[in-house]
Amino acid sequence: MLRKIDQDIWVAEQPLRYFGLNVGTRMTVIRLSNSELVVISPIQASDTLIQQLSELGKVKHIIAPNLYHYLFAAEFKQLYAKATFWTVPGLERKQPELAIDQIIEGNTKNLWPGLDCLSFSGFRTLSLNGFDSLNEYVFLHIASRTLILTDAAFNFDESFPIATRLITQVIGGYKRLSPSLLEKFATTDKAKVRQSVEQILTWDFERVIVAHGSIVEQGGKEKFNQGYKRFLRRF
C-alpha cells in the first residue's frame with residue numbers, strides 16, 4: 001500500500017467519493033532525520049499499512065492538515081496512542097471529542113526537523129453547510145523538495161473515472177494544479193491567499209503531492225504558480 005516517492009517520503013492512497021465523484025485521497029509519510037515518522041492526512045488503517053509503517057520506524061506525529069481531513073487521523077491516534085496528534089486551529093471546536101494533543105500555530109520551521117509548514121490563510125471551500133474555511137496548513141519536505149498540499153489544489157488526469165474527468169474539466173483541477181471554481185466562489189479574501197501563495201513560492205520545491213489527484217513530479221513550483229495566478233484572477 002505504501003509507495004516510496006523519494007528518500008524518506010512515502011504515500012498511500014484509498015478510494016473516496018465527494019459530492020458523488022470519485023476523487024480518491026492520499027496520505028503522506030515522512031521519516032525525519034531523528035527516524036520518527038510523521039503521517040500527514042492519514043487514510044484508513046489496514047493490517048498491511050500498519051506493518052509497513054512498523055518497518056519504516058515509529059509513528060510519532062499524526063497531522064490533520066485542515067478542518068476536513070481528520071477522520072482517519074483520529075483512528076491513527078487510537079492505534080498509536082503515544083504519538084502526538086497535531087491539528088489545525090478550529091478543529092478542537094468543530095470536533096471537541098477528538099483526543100488532540102497539539103494545535104499547530106503560526107508558521108514554523110522548528111516543529112519537525114526537515115519539515116516546514118505554513119498556514120494557507122484566507123482559503124475557503126464549498127461544503128454541504130455552505131462556504132467554509134479550511135484552515136489548511138501546507139508542508140515542505142526540504143530534503144526531497146516536495147510540497148505537500150491537502151485541499152489547496154487538485155490535479156486530476158486520465159487515471160480517474162470519466163465522470164470525475166468531465167466535471168473537473170468544467171470546474172477546474174483537471175490536468176492543472178489548481179483549486180476548483182468551488183473554491184474560487186467561496187474564497188473572498190484573495191489578498192490573504194495571495195500572501196500565502198507568495199510565501200509558498202519562496203520555498204524550494206519541484207514535486208507537489210496533493211490529497212486528491214495525481215502527484216506532480218516535475219515543474220511543480222511553476223505549475224502551482226500558474227494555477228494560482230488563474231485562481232486569483234477576477235472573473
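Quick note: the coordinates plus some simple rules give every number you see, no bench work behind them. Everything quoted here is computed from the prediction, not taken from an experiment. For neighbour counting, all protein chains shown are included, and Cβ atoms are generated from backbone atoms with ideal geometry for every residue, glycine included.
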Would you mind checking the tilt of helix 162-171 against the longest principal axis of the Cα atoms of the chain, expressed as 0 to 90 degrees and rounded to 10? 60 degrees
Could you tell me the distance between the Cα centroids of region 9-84 and region 177-223, to the nearest Å? 22 Å
With the radius of gyration and the Kirkwood radius both derived from the Cα set of the chain, what is their ratio Rg to Rh? 0.93
Taking Lys and Arg as +1 and Asp and Glu as -1, residues besides Thr168 with C-beta under 12 Å from its C-beta add up to +1
Filtering GluC sites (Glu not before Pro) in region 6-110 by DSSP loop and by at most 13 other Cβ atoms within 10 Å leaves Glu97, Glu105
For the Cα atoms of the chain, what angle does the longest principal axis make with the long axis of helix 190-200, in degrees from 0 to 90, nearest 10? 50 degrees
Antiparallel content of DSSP bridges confined to the chain, in %, to 5: 65 percent
To the nearest 20 Debye, how big is the dipole of the chain about its Cα centre, given +1 on the beta carbon of each Lys and Arg and -1 on that of each Asp and Glu? 700 debye
Give, as a single signed number, the net charge of other residues whose beta carbon lies under 10 Å from the beta carbon of Phe120, with Lys and Arg counted +1 and Asp and Glu -1. -1
Spin-label model distance (nm) - Arg230 vs Ile162, 7 Å beyond Cα toward Cβ: 2.3 nm
Beyond 16 Å, what share of the Cα-Cα pairs of region 3-93 remains, rounded to the nearest whole percent? 53 percent
Can you find, among Asn135, Leu115, Leu32, the residue sitting farthest towards the positive end of the charge dipole of the chain, where Lys and Arg contribute +1 and Asp and Glu -1 at Cβ? Asn135
Karplus couplings for region 135-147 from phi (6.51 cos²θ - 1.76 cosθ + 1.60, θ = phi - 60°), rounded to Hz, Gly and Pro as x? 6, 6, 10, 10, 9, 10, 8, 5, 4, 9, 6, 10, 8
At R0 = 41 Å, FRET efficiency that the Cβ-Cβ distance of Lys4 and Ala191 yields, to 0.05: 0.55
If amide H atoms are modeled at 1.01 Å from N in the peptide plane, then the residues at a separation of 5 or more from Lys58, or on another chain, having amide H under 5 Å from its own are Leu37
I need the Kirkwood Rh of region 128-223: take the reciprocal of the average 1/r across all distinct C-alpha pairs and report it in angstrom. 14.1 Å
Listed residues Ile167, Ile104, Ile43; largest mean-square fluctuation, Gaussian network over the chain with Cα springs below 10 Å, found at Ile167
Compute the long axis of helix 220-232 from its Cα atoms, compare it with the longest principal axis of the Cα atoms of the chain, and write down the angle in degrees, 0 to 90, nearest 10. 50 degrees
Proximal charge balance of Tyr18 [Cβ under 14 Å; K/R count +1, D/E count -1]: -1
